[in-house]
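Participant: A single structure is presented below for examination.
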Amino acid sequence: MFDVDVMMPGLVELVARMEVVNQEVLRVTPVFRALEHFAAALRYVSDKDFYHKSRTSTKITTFWSHSWHGGRWKKILTVVSLYNGPAAVSLAFLTGLLMMVLFSFGALPGINRGWWVSHWEWSCWSTSSGLVVASVVLTCWRSQTRVFLDRICISQNDDRLKSEAILSLAGLLKNSDSMLVLWDPTWTERLWCLFELAAFLKSKTTQKQRLVVRPIFLGPLSIAIYLMLFALALPITIAPMEHADAVVELLVAMSLSFLVVAFPTASTVRSYFRDLDTMKKQLSSISVDSTRSSCCEQNHELPSGGRILCDRKIVKECVKIWFGSEQSFENAVRTEVLDLLNRDLTEKVFSTPWALGVTSPLFLAFMDVSASMAIAPDDQQPFLALLVEGLVLWLCYVPPTKDLMILLVRVGRKRPRSTCLEILKNALVLGAGASPVLVMLLTYGLTRLAEPDHALRRAGIFAGCTMVLVVCNFLLGLGLKALLRRPGW
Ligand SMILES: [Zn+2]
């Protein structure tokens, strides 16, 4: 098909100039088209052509860098949560707010749960409508963000277009506003993935571009935590509680649904931090020759017998021109790229907006309970007090507690030899991680005893106690960070 050695000098110059060989290959697709038919374009390994879903453009908003050898469904759910998640969470929140206002003014009927005062009407509108809106938006939102996805934007049937697109890779990156790395442990082993990152870093020097690195387990994890918190919030607002036993049953059911998600979460996040340890080892001794590439795995032969270009040869020649020598490229990967990946994957993945988004169902439950109080013939303003408590809990306590939990999991990431000990260690890490939640529940319960006749003052005391706990969590976090800096941790 190609005489590789004859073509090489011409090709190298094209790639090294970081320009697009042919404007036809600078293509984009809206995110929703990549997710059509249960994200067919991200699932198929065959040469099925999705080229018709893309169109030419002058600019790429986000270049997706991913490995075809990691978990497909994890990757799809991560794309869904990254592109549809913010809309789902915000619209669910706004719907919850609207329902709270409508119920407070008596525009919506309530349910009688058989406790407090007889015939008391409770609201369940914010939580239940929030769940419906979040589910619909998460699955049906049509994100128009223009991305470059190899399977859609590179022709799989036309060899000329395919070669031109591969040769234009650096040019495509130069025309991208940002690059999203959908990271899994196989990403770091692939020649093309590292080459894409190197090309991105090289092209970055000329213009302002953003690099976002997200591990592919983040999507399923975020969706699981979000749904688990709805599973906790819904019974708070709808479960009938005629007698004391019903309250105990409710608490048991809620604890179980918490454990069902929390146990695998602790295990997954621990294994993620172990993967990062492996990545550091891999990258600190990486060489172009040790990376994996599908062309070499196929022995540069097509099933039909034709030859295929060796990516490694092109990559080697390009990095020589961009970085001076293969050695300095490898040094850049071992230092600059490793630092960047390590920092983003450790510190930026579990961000504050992420934590507030996945825990927003908790605040929806507060909206419902406080809306139920709005019609109470009570001048203590329990309605306002509950909203203040919910906000303090959600905005002030959740972010620092999340940081502390992640640090606890990092400290306990190492895997013992036996499976029994591993299960025990998961339970230990989970217990340590859950303790800030238990401390908070206890604080909330105890502050109920203060100022029995003044709800707003009680909320003020609760806010004060929360701030003390936030400081304690922060100090504990500093201690754990210092521990993690010690060799062997
Ligand atoms: Zn090869």
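Every number here is computed from the coordinates shown, using simple stated rules; none is lab data. These numbers were taken from a predicted model, which means no experiment stands behind them. Note that each Cβ is placed from the backbone with ideal geometry, even for glycine, and that neighbours are counted across all protein chains shown.
Participant: Whole percent per 10 Å bin, from 0 to the bin with the longest distance: what is P(r) over all C-alpha pairs of the chain?
Facilitator: 4, 17, 25, 21, 16, 10, 5, 2, 0
Participant: May I pose another question? Taking the Cα centre of region 378-489 as the origin and placing charges on Cβ (Lys, Arg +1; Asp, Glu -1), which of VAL437, GLY477, VAL388 is farthest toward the positive end of the dipole?
Facilitator: The Cα lying farthest towards the positive end belongs to GLY477.
Participant: So how do VAL269, VAL12 line up by other beta-carbon neighbours within 10 Å, fewest first?
Facilitator: VAL12, VAL269
Participant: Once you sort the root eigenvalues of the Cα gyration tensor of region 246-383 as a ≥ b ≥ c, which label holds: rounded (a/c under 1.5), prolate (a/b larger than b/c) or oblate (the other case)?
Facilitator: Prolate, because a/c is 1.5 or more and a/b exceeds b/c.
Participant: Give me the dipole magnitude in Debye, nearest 20, for region 378-489 about the Cα centre, with unit charges on the beta carbon: positive for Lys and Arg, negative for Asp and Glu.
Facilitator: 1120
Participant: Please work out the Kirkwood hydrodynamic radius for region 82-191, using every pair of different C-alpha atoms, and report it in angstroms with one decimal place.
Facilitator: Its Kirkwood hydrodynamic radius stands at 18.7 Å.
Participant: Could you order the peptides 182-193, 312-323, 289-300 from most to least packed, using the average number of other C-beta atoms within 10 Å per residue?
Facilitator: Per-residue mean Cβ counts within 10 Å order the peptides as 182-193, 312-323, 289-300.
Participant: Which trypsin sites (Lys or Arg not before Pro) does region 31-120 hold that lie in a coil by DSSP with at most 16 other beta carbons within 10 Å?
Facilitator: Answer in residue order: LYS48, LYS59.
Participant: Can you give the calculated 222 nm mean residue ellipticity of the chain, where each DSSP H run of n ≥ 4 adds -39,500 (n - 2.57) and the sum is split over every residue, rounded to the nearest 500 deg cm²/dmol?
Facilitator: -20000 deg cm²/dmol
Participant: Can you give me the three principal axis dimensions of region 165-322 from its C-alpha atoms, in Å, biggest first?
Facilitator: Here the spans come out as 76, 38, 34 Å, largest first.
Participant: Follow-up. What nm distance separates the two modelled labels at LEU94 and CYS310, each placed 7 Å from Cα along Cα→Cβ?
Facilitator: 5.6
Participant: Moving to a separate point now. Would you work out the relative contact order for the chain, in percent, from Cα pairs under 8 angstrom that are 6 or more residues apart?
Facilitator: Computed value for the chain: 19 percent relative contact order.
Participant: I would also like to ask the following. Just report the Cα centroid separation between region 421-470 and region 242-279, whole Å.
Facilitator: 17
Participant: Taking every pair of Cα atoms in region 349-436, average 1/r, invert it to obtain the Kirkwood radius, and report Rg/Rh to two decimals.
Facilitator: With Rh from the inverse mean 1/r over Cα pairs, Rg/Rh is 1.18.
Participant: Mind pulling the per residue volume of the convex hull built on the Cα atoms of region 378-489? Å³ is fine.
Facilitator: Looking at region 378-489, the number lands at 92 Å³ per residue.
Participant: Could you tell me how many cubic angstrom of Cα convex hull volume region 23-114 has per residue?
Facilitator: Taking only Cα atoms, region 23-114 has a hull volume of 175 Å³ per residue.
Participant: Let me ask you something else. Quick one: putting +1 on the C-beta of Lys and Arg, -1 on the C-beta of Asp and Glu, what dipole do you get for the chain around its Cα centre, in Debye to the nearest 20?
Facilitator: 1060
Participant: Return the long-range amide H neighbours of VAL213 (sequence gap of 5 or more, or a different chain), with a cut-off of under 5 Å between placed amide H atoms.
Facilitator: VAL181
Participant: For a protection proxy built on the mean count of beta-carbon atoms within 10 angstrom, sort 301-308, 234-241, 161-168 highest first, please.
Facilitator: So the peptides 301-308, 234-241, 161-168, ranked by packing, come out 161-168, 234-241, 301-308.
Participant: Something else about it: Counting only residues 5 or more places away or on other chains, whose amide H sits under 5 Å from the amide H of ILE308 once H atoms are built in the peptide plane?
Facilitator: Amide H to amide H, under 5 Å and 5 or more residues apart or across chains, ILE308 pairs with GLU301, LEU302.
Participant: If you project the alpha carbons of region 257-336 onto their three principal axes, what span does each projection cover, largest first, in Å?
Facilitator: Here the spans come out as 55, 38, 16 Å, largest first.
Participant: Quick one: compute a quarter of the convex hull surface over the Cα atoms of region 210-280 and quote it in nm².
Facilitator: 6.4
Participant: In the chain, if the dipole is taken from +1 on Lys/Arg beta carbons and -1 on Asp/Glu beta carbons about the Cα centre, which of LEU302, SER325, TRP64 is farthest to the positive end?
Facilitator: SER325
Participant: Thinking of region 127-184 as a set of Cα atoms, what percent of all their pairs are more than 20 Å apart?
Facilitator: 50
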